[in-house]
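Worksheet for the structure shown next.
The values are calculated or read from the model by the stated rules, or taken from the named source; none is laboratory data. What you see is a predicted model; the values in this text were computed from it and never measured. Don't worry about glycine lacking a Cβ; one is built from the backbone with ideal geometry, like all the others, and counts go over all protein chains shown.
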Amino acid sequence: MNKTVVITGANRGIGLAFATLYQKQGAQVYALCRNNSAELDALQVQVITGVDVATEQGLDKMVAALKGVNIDILLCNAGILRDESLGDLNCTTIREQFEVNALAPLRVADALLANLSSGSKIAMITSRMGSIADNGSGGRYGYRMSKAALNAAAMSLAKDLAGNNIAVGIYHPGYVQTEMVNHGGDISANESASRLVALIDGLTLAESGVFKHSNGQVLPW
């Protein structure tokens with residue numbers, strides 16, 4: 001039976017690469033985004049636009065569009081990157097990143113619990129910048145803090161959903177060549193997504209709640 005995959009932030013970057021790979025695998029793909037893109041439209045997947053996962057309206061639209069859909073893989077990919085430093089602490093952008101990067105994925109998972117069943121999987125796309133032990137350069141206060149918060153939420157999800165046989169993967173995609181980093185990464189979105197799709201495919205309850213790099217390396221908290 002073909003998988004049903006739901007992807008947030010699917011109109012570009014890693015999200016678009018996920019949608020492309022799963023579509024090629026024959027999965028039923030629901031691609032959620034705020035705004036469509038020509039590349040996403042060309043995939044001929046189920047595109048649901050107007051879904052800003054950081055807003056009540058966006059979440060309501062998501063829930064309505066997915067009513068009755070049994071989800072095999074819920075891929076929480078939508079995220080934003082802003083920059084703050086000491087002496088220039090923009091609390092507005094810090095809060096914005098918490099809303100999008102940490103709270104929104106948790107709210108998406110919570111809102112779609114009725115669509116998940118035994119054997120379903122949730123994949124949280126986070127960042128090693130959320131690792132406290134791995135922080136060797138400082139800065140990026142809002143992004144680091146929001147991703148650390150996402151990691152904590154994902155671990156709680158893994159514990160809470162284990163009894164329902166739902167595994168939660170926590171994944172750093174790598175330094176990916178996307179618009180978010182002005183295409184300055186060292187790995188393509190397609191390669192990153194391909195690695196992550198393989199990790200998600202092999203995800204079991206035994207590894208639920210493990211923080212991993214897309215290359216398979218277990219990352220420190």
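What the table below lists for this structure:
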{"read-out": "Any hit, segment 114-137, residues being assigned to a helix (DSSP H, G or I), within 16 Å of the chain's Cα centre (by Cα), more than 23 Å from residue 198 (Cα to Cα) and not basic (Lys, Arg)", "value": "no"}
{"read-out": "Residue match in segment 191-198 (condition: small (Gly, Ala, Ser), more than 25 Å from residue 59 (Cβ to Cβ), buried (at least 21 other Cβ atoms within 10 Å of the Cβ) and modelled with pLDDT under 95)", "value": "yes"}
{"read-out": "One residue from 87, 79 being under 25 Å from residue 129 (Cβ atoms) and within 15 Å of the chain's Cα centre (by Cα)", "value": "79"}
{"read-out": "All positions within segment 32-79 that are in a loop (DSSP other than H, G, I, E, B) and of a type in the set (A, V, I, L, M)", "value": "43, 45, 51, 53, 54, 66, 69, 71, 78"}
{"read-out": "Given (1) assigned to a helix (DSSP H, G or I); (2) touching a residue at least 12 places away in the same chain (Cβ under 8 Å), index of the condition residue 171 fails", "value": "(1)"}
{"read-out": "Residues of segment 1-11 satisfying the condition of being buried (at least 18 other Cβ atoms within 10 Å of the Cβ) and either free of Cβ contacts under 8 Å to residues at least 12 places away in the same chain or not small (Gly, Ala, Ser) (or both)", "value": "4, 5, 6, 7, 8, 11"}
{"read-out": "Residues satisfying the stated conditions in segment 204-221, i.e. among the hydrophobic types (A, V, I, L, M, F, W, C) and either closer than 11 Å to residue 172 by Cβ or surrounded by 13 or more Cβ atoms within 10 Å (Cβ to Cβ) (or both)", "value": "205, 210, 211, 218, 219, 221"}
{"read-out": "Residue in segment 127-139 that is in contact (Cβ under 8 Å) with a residue 24 or more places away in the chain, farther than 17 Å from residue 175 by Cβ, out of contact with any Asp or Glu (no Cβ under 7 Å at 6 or more places or on another chain) and crowded, with 20+ Cβ neighbours inside 10 Å present", "value": "no"}
{"read-out": "Cβ pairs under 9 Å, 6+ apart, first in segment 32-55 and within 11 Å of residue 16 (Cα to Cα), second hydroxyl-bearing (Ser, Thr, Tyr) and assigned to a loop (DSSP other than H, G, I, E, B)", "value": "32/8; 32/49; 33/8; 33/49; 36/49"}
{"read-out": "Residue check, residue 71 over 21 Å from residue 187 (Cβ atoms), touching a Ser or Thr at 6+ places or on another chain (Cβ under 7 Å) and surrounded by 19 or more Cβ atoms within 10 Å (Cβ to Cβ)", "value": "yes"}
{"read-out": "Hits in segment 141-161 - residues which are surrounded by fewer than 18 Cβ atoms within 10 Å (Cβ to Cβ) and either among the small types (Gly, Ala, Ser) or in contact with a Phe, Trp or Tyr (Cβ under 6 Å, 6 or more places away or on another chain) (or both)", "value": "152, 156"}
{"read-out": "Filtered residue count, segment 162-188, keeping only those that are at pLDDT 95 or above and loosely packed, with under 12 Cβ neighbours inside 10 Å", "value": "1"}
